[in-house]
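The values are calculated or read from the model by the stated rules, or taken from the named source; none is laboratory data. What you see is a predicted model, and the numbers here were worked out from it, not measured in a lab. Please note: Cβ atoms are built from the backbone with ideal geometry, for glycine as well, and neighbour counts cover all protein chains shown.
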Amino acid sequence: MKFPAGNRYTVRLEQIDRLGTTWIVRVHKKSLFFRTLVSSDWFLDGTQARGFAEQIAGELRSGRGAENVEHRAPGWTLRRPTR
């Protein structure tokens, strides 16, 4: 499933059958002819993964999340839930 995230980014939510119940949220940055993987986040709950994908796509659309996504360190990133 693809989420609109502005003109330079795409956010994809995938569930790969051979990996079981794992949901993957991937953010790609588009350049002239290529697409570069910026981040990959794995979830065990589909609802949580969809919420995260929508949140990241919204941040990238508004322009304030691009630096956070591109420059974050690998590993867990804890975010305060939005209400």
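So here's what we get for this one:
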item	result
Residue match in the range 17-28 (condition: part of a strand (DSSP E or B) and modelled with pLDDT under 85)	no
The range 17-35 - residue that is polar (S, T, N, Q) and under 26 Å from Glu59 (Cα atoms) and, of those, farthest from the chain's Cα centre (by Cα)	Ser31
Top-ranked residue of the range 3-16 - restricted to ones that are within 10 Å of the chain's Cα centre (by Cα) and part of a strand (DSSP E or B), ranked as farthest from Ser62 (Cα to Cα)	Leu13
Count of residues meeting criterion [under 16 Å from Leu13 (Cα atoms) and of a type in the set (Lys, Arg)] in the range 36-65	1
Restricting the range 29-44 to residues that are surrounded by 11 or more Cβ atoms within 10 Å (Cβ to Cβ) and either modelled with pLDDT under 85 or in contact with a helix residue (DSSP H, G or I) (Cβ under 8 Å, 6 or more places away or on another chain) (or both), the residue that is farthest from Gly6 (Cα to Cα)	Phe43
In the range 46-62, the residues that are in contact with a strand residue (DSSP E or B) (Cβ under 7 Å, 6 or more places away or on another chain) and of a type in the set (Asp, Glu)	Glu54
